[in-house]
Amino acid sequence: MIKKILVATMLCFMAVSTVSGESLSVYFGTYTGGQNASKGIYRSTLDLDTGKLSEPALAAEARNPSFLEIHPNGKLLYAVSESGGAGSVSAYAIEMETGTLRLLNQQSSKGSGPCHVSIDHAGKNVLVANYGSGSAAVIPIQPDGSLAEPTGFVQHEGSSVNLKRQQGPHAHSINVSADDRFAFIADLGIDKVMIYKLNVEKGTIVPNDPAFAKVEPGAGPRHFAFSPNGKNAYVINELHSTITAFAYDPASGALTEIQTVPTLPSDFDGSSTCAEVRVHPSGKFLYGSNRGHDSIAVYRIDPATGRLTFVEHETADIKTPRNFNIDPTGMFCLVANQGSDSIVVFRINQNTGALEPTGDKVSVGKPVCVRFLQSTTPYERAALREDFLKLRFGLFLHFNMATYVDREWANGYEDPALFKPDNLDCRQWAEVAHAAGMKYGVLTVKHTGGWCLWDSEHTTHDITRFTNYKNGKGDIVREFVNAFRAHGLNVGFYYCFPNDFSNPRHGNAVPEGQPDLHGLPPEAIGDTVGFIKKQLTELLTDYGPIDLLWIDQYNNKYTRSHWQEVRAHVKSLQPKCLVIGNNAHSLRDSDIYSCEFPWDSKGLPPEGNTIPAEVCDKISKTWFWNTTDQPQHLRNTQDIVKMLKLCNERNANYLLNVPPDRQGLISGMHLKHMHEIATFLRTTAKAMDNQM
């Protein structure tokens, strides 16, 4: 019970603390015609501490990009081009450094007046609803993010009782179930939510059985939203100004109505229509917008039944709220005022769901869509940190050019012929780690000498120069990744940033007449940050999912001002990759609190620490294999196990360095000692489990 309470407390702390100091990019879709028209898609940044929006900037010129959706990978954005005639969908690449959008291509929406776009959760298809023609299409996403020809299409038929608005079908939104098996199209013209079977691999859409769910005649279903638990769905009815709650059966796709509630006060007698509906990320609250009454209606969701209970109407500074969205943390609601050319920000009361004006507002011409760009939410980052802490024990592998020169820091001018691991076996490393109960490994893929253990396109200072290892055609990074994954172990890369490593006292002085490389390959001179990002791109795109990127010297004088930029670059490539800055004690600088023992002044996280942490340590005197490292330098087995237990008690993993030798093996006294540690841990496992 105590352990469960500790974990719950830790999760609560992390979910709150990771929000601090962070921001989100926000994109706004607009109408580009008429008075006060915009020029296309705009971008802003939301400060998650204050709720303040930056001044919007034009991200891409476009005609009536009234509805947007961002790809799950965070690198692509898709927008409808809404017009009375033949419609289209545009594909954009998001430029990570600037947030601007680069047009990839456009594709027909197979109908007129496209007004809503979504993407399946697998990221394989764009789905578009055509209001004018009452149809919908499925458009495959190609490997480069551009759109192929539509492969799926449905045409609705029918009408309903409102002779002005329902003489024919008007598909107003299309949404996908969490398992990508079903697509739901709210059709305002026929008073039905149509249900389709979706095949994301083939990009096809066919009628389901049941084929639809009805709403009241004349209601005019517009937008649709699922609850986070997947048990309920909600549709906002534009013409009747109501919200209908459904019970959802994920096996059959069936929707069963359980309640319909008004979105307007009972004493309101003006003209008003509904627009957007959103469920809070917590699943506790629901929101719907009223155009005419100019408000956001707030409801509490019964967690057992999904039924709605009215909370309030918020009207402050709201004018024709065609769209709104809740940021992924659930802290803020951004309302797009089509009628006043503005975006207003509300803070969400986490207890009641009520909207509290922040007083912050920015100007955008005719805003009609709000979309957030974020690689992971704070809740997801908290979960990643929790998963990391479950690993407890890891193997640090210092193996690079320094292995062959009897010093900790290489300078980049070593003879590459020295690198000659004739018996290198990454599988042996993984077996040693696995036998000791370790759950992850971190390899020095580039250390202070700048030598890269993979074939890098951006330098010749890499494994291709190590001709005594597989004739320069090896890839130790891939061997490491494959071996550790085969043993069920998580994978991390150590990468060293620049600093002043060369010093005659260390035996690694720069040769006379040569430039100091500061720990990077020669090609990095003149564009250090750009070079680092290019190499990290290789590491994070060529070897599959990487669990951990371990950065040494992140706070150096040469690149410290670009640290957050590099972190953002990493997250754009692999959102779930944890980035650790060595000896970083703030979650603003590192995903994990980091200590290098005993070099770090703090040495260990403090007693009672609740911040997810890691302590790195070495099994003997040196980080790299060294001829001066002798048996008397080995850490006592009991001391290492004691350190493991102490770290775990202080909410930290223990990353123990065990250096492979010049043959490429963990050998000799290091191997013997690891066997002793493994035996000790196995014989005391039950006792440790009872204590930790």
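Compute the whole-percent fraction of alpha carbon pairs in region 19-105 spaced more than 22 Å apart.
Of the Cα pairs, 28 percent sit more than 22 Å apart.
Tell me the angle of helix 378-389 to the major Cα principal axis of the chain, expressed in degrees between 0 and 90 and rounded to the nearest ten.
So the inclination is approximately 30 degrees.
With every protein chain present, what is the per residue accessible area of region 577-682 (1.4 Å probe, Å²)?
Details: 4100 Å² over 106 residues.
Ligands and nucleic acids excluded, the result is 39 Å² per residue.
What is the chain's relative contact order, in percent, from Cα pairs under 8 angstrom and six or more apart in sequence?
Relative contact order, the chain: 9 percent.
222 nm [θ] for the chain, helices only, -39500 (n - 2.57) per DSSP H run of 4+, per residue, to 500?
-5000 deg cm²/dmol
Checking the a/c ratio against 1.5 first, then a/b against b/c, what shape does the Cα gyration tensor give for region 153-203?
On the way: a/c = 3.68, a/b = 2.54, b/c = 1.44.
Because a/c hits 1.5 or more and a/b exceeds b/c, region 153-203 counts as prolate.
From the gyration tensor of the Cα coordinates in the chain, what semi-axes in whole Å does the equivalent ellipsoid have, largest first, with each one equal to sqrt(5λ)?
On the way: eigenvalues 577, 146, 106 Å².
So the three semi-axes of the chain are 54, 27, 23 Å.
Using a probe radius of 1.4 Å on heavy atoms only, what accessible surface per residue do you get for region 405-547? Whole Å² is fine.
Accessible area per residue: 40 Å².
Along the Cα→Cβ direction, 7 angstrom out, place labels at residue 486 and residue 506. What is the inter-label distance in nm?
Result: 3.5 nm between the two label points.
Kindly give the semi-axes, whole Å and largest first, of the ellipsoid equivalent to region 470-563, taking each as the square root of 5 times a Cα gyration tensor eigenvalue. Before the final figure, lay out each step's value.
On the way: eigenvalues 154, 58, 36 Å².
So the three semi-axes of region 470-563 are 28, 17, 13 Å.
Over 15 Å, how big is the tail of the calculated P(r) for region 290-342, in percent of all Cα pairs?
Everything past 15 Å amounts to 54 percent.
Would you mind telling me the share, in percent, of accessible area of region 573-621 contributed by carbon and sulfur at probe 1.4 angstrom?
Working: 970 of 1810 Å².
The nonpolar share, carbon plus sulfur, comes to 54 percent.
Taking a probe of 1.4 Å, how large is the accessible area per residue of region 180-237, in Å²?
Here the residues of region 180-237 average 35 Å² of exposed surface.
Could you work out how far helix 637-649 tilts from the main Cα principal axis of the chain, as a 0 to 90 degree angle to the nearest 10?
Helix 637-649 sits at roughly 20 degrees to that axis.
Taking the Cα centre of each part, how many Å lie between region 33-55 and region 597-626?
Measuring centre to centre over Cα atoms gives 45 Å.
In the chain, with Lys and Arg counted as +1 and Asp and Glu as -1 at Cβ, which of these residues, 658, 535, 494, has the Cα nearest the positive end of the dipole, that is, farthest along it?
Positive-end residue among those listed: 658.
For the residue pair residue 35 and residue 420, what label-to-label distance in nm results when each label sits 7 Å from Cα along the Cα-to-beta-carbon direction?
Rounded to a tenth, the inter-label distance reads 8.4 nm.
Rounded to the nearest 10 degrees, what's the angle between the helix 476-486 long axis and the longest principal axis of the chain, both from Cα atoms, 0 to 90?
Helix 476-486 sits at roughly 70 degrees to that axis.
Please report, in cubic angstrom per residue, the volume enclosed by the convex hull of the alpha-carbon atoms of region 624-671.
Spread over its residues, the Cα hull of region 624-671 gives 81 Å³ apiece.
On the principal axes of its Cα set, how long, how wide and how thick is region 154-291? Give whole Å, largest value first.
Each principal axis gives a Cα extent; for region 154-291 these are 49, 38, 21 Å.
Which order do the peptides 573-582, 91-100 take when ranked by the mean count of other beta-carbon atoms within 10 Å per residue, highest first?
Listed from highest to lowest mean packing, they are 573-582, 91-100.
Let me check the size of region 396-435 from its C-alpha atoms; what are the radius of gyration and Dmax in Å?
12.3, 37
If you roll a 1.4 Å probe over region 110-185 with all protein chains in place, what percent of the accessible area is carbon or sulfur?
50
For region 55-99, what class follows from the C-alpha gyration tensor (a ≥ b ≥ c being the square roots of its eigenvalues): rounded when a/c is under 1.5, otherwise prolate if a/b is larger than b/c, else oblate?
Oblate, since a/c reaches 1.5 and b/c is not below a/b.
Given R₀ = 60 Å, what would the calculated FRET efficiency be for residue 142 paired with residue 683, taking r from the Cβ atoms and rounding to 0.05?
0.60
Across all directions of projection, what mean area in square nanometres is found for the Cα convex hull of region 320-417?
12.9
Please give, to one decimal in nm, the separation of the simple spin-label points placed at residue 470 and residue 576, each 7 Å out from Cα toward the Cβ.
2.7
When only DSSP loop residues count, what chymotrypsin sites (Phe, Trp or Tyr not before Pro) in region 236-273 have their Cβ near at most 16 other Cβ atoms within 10 Å?
268
Could you look at region 282-441 and say what percent of its accessible area is carbon and sulfur, using a 1.4 Å probe and all protein chains?
Details: 2530 of 5370 Å².
That fraction is 47 percent.
If you wrap a convex hull around the Cα atoms of region 80-200, how much volume per residue is inside, in Å³?
Convex hull volume per residue, Cα atoms: 105 Å³.
How much net charge surrounds residue 634 when only the other residues with a Cβ under 12 Å from the Cβ of residue 634 are counted, with Lys and Arg +1 and Asp and Glu -1?
My count for the surroundings of residue 634 gives +1.
To two decimal places, what compactness ratio does region 577-688 give when its Cα radius of gyration is scaled by 2.2 N^0.38 Å?
In units of the 2.2 N^0.38 Å rule of thumb, it is 1.14.
The values are calculated or read from the model by the stated rules, or taken from the named source; none is laboratory data. All figures in this text were calculated on a predicted structure; none of them were measured in a lab. So basically every Cβ, Gly included, is an ideal-geometry build from the backbone, and we count neighbours across all protein chains shown. Ligands, DNA and RNA are excluded from the accessible area calculation, which covers all protein heavy atoms including side chains. Shrake-Rupley method; radii C 1.70, N 1.55, O 1.52, S 1.80 Å.
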